[in-house]
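**Q** Please read through the structure below; I'll follow up with questions.
Only the coordinates and a few stated rules stand behind these numbers; no lab work does. Small disclaimer: the values here were computed from a predicted structure and weren't measured. Neighbour counts are summed over all protein chains in view; Cβ atoms, including those assigned to glycine, are modelled from backbone coordinates with ideal geometry.
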Amino acid sequence: MFHYLALAAILFSIGLFGVLTRRNTIGILMSLELMFNGATINFVTFNKYVVTDALLGQMFAIFVIVVAAAEAAIGLAIVLLIYRNWRCIKTDNYGVMKW
Amino acid sequence: MTDGSQVGVIFWFLSFVILISGFMVVSLKNIFYCALFLVLCLFSVAGIFILLEAEFLAAAQVLIYVGAVAILMIFAIMLTTDMASKEITQTNENVTVGVFVSVIFAISTILLIDKTSVWRYQDHDFSEGVTVTLGKLLMTKFMLPFELVSVLLLAAMIGAIVLARKERS
C-alpha cells in the first residue's frame, strides 16, 4: 500500500510542478490531469486496502474522472476563446482581465 | 490481512513508466510531445488500476482519458498551432520555486504516509465482480450523485459549445 500511495504522491507533485511552471495554458491543463490521476490512485488504493464500505473509493474515483472530463472540455473551450481574441494563450497576458 | 507491501515487477515497471512520462509532460519544450507522453502516462495509470482490482475504472480511464481528454488536448494544441513552436519558452520564471515546492510536498507526503499507522488493513474480496457491484451501487445508493453528475456533464457540454462557437456579428 505504501508503494501505491508514494507513487500517487510523486505523480501529484509532478503535476503541481507543471501547474506552477508552465507558461502555456494547455500545459497547465495537462498537468492538472496528472494531479487528478494521482488523487484517483489514492482513492482506489484506499478502497482496496483500508476498511470502507464496499467500493466507496472506486465510486468516488468514477466521479473524479467525470468531473475531470467536464473540466477539460470547459477549460479548452475557454483557451480557444482566449486564443481567438488575443492570438496567444500564455498565462502572462491574463492580468489584462483584472479590473 | 495484508498491507500489500509486496509489489511485483509489474508495479515497478508501470510506476517507472508513469513517473518518467509524467516528468516528460511537465518538462518537454514541445507541447505536442507533452500530450503524447500524457497519453502514455494515463495508459500506465490504467495498468495500476488493474493491479488494484479496479477493472471498470481501468476501462473508463482508457476510454475517457486516453480516448477523449487527451485527444481534446491534441486538438487544442493543433488549433493554437503558433503557440507550439520551439522558439516560445514554455516555462515561466517560477521554475526554482516550483522545484522547491513540489519536492518539499512530495517528501513530506511520503514521510507522512510512512509514519501513519492508524489504518486498519483489510483485504476485500470482490467475488461478485467489481463492475457488477459498481453498477448496482450506481443505480441504488448513488442514484442522486449519478444524476447530478450527468446534469453536470450536460452543462459542461452546452457551456463548451456556447464558449467555443463563433460570434455572429
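**Q** Mind checking which lysines have their Cα closer than 16 Å to the Cα of B:K29? Skip sequence neighbours fewer than 8 apart in that chain.
**A** Partners within reach: A:K90, B:K86.
**Q** Another one. By counting other Cβ atoms within 10 Å of each Cβ, how are B:M139, A:M35 ranked from fewest to most?
**A** B:M139, A:M35
**Q** Follow-up. Excluding A:N93 itself, what net charge comes from residues whose Cβ is under 12 Å from its Cβ, given Lys and Arg +1 and Asp and Glu -1?
**A** Overall, the nearby charge balance is +3.
**Q** Separate question: Using the count of nearby Cβ atoms within 10 Å as a rough guide to exposure, how do A:R84, A:R23 rank from fewest to most?
**A** A:R84, A:R23
**Q** If you rank A:R22, A:R87 by fewest surrounding Cβ atoms within 10 Å, what's the result?
**A** If I rank by nearby Cβ atoms, fewest first, I get A:R87, A:R22.
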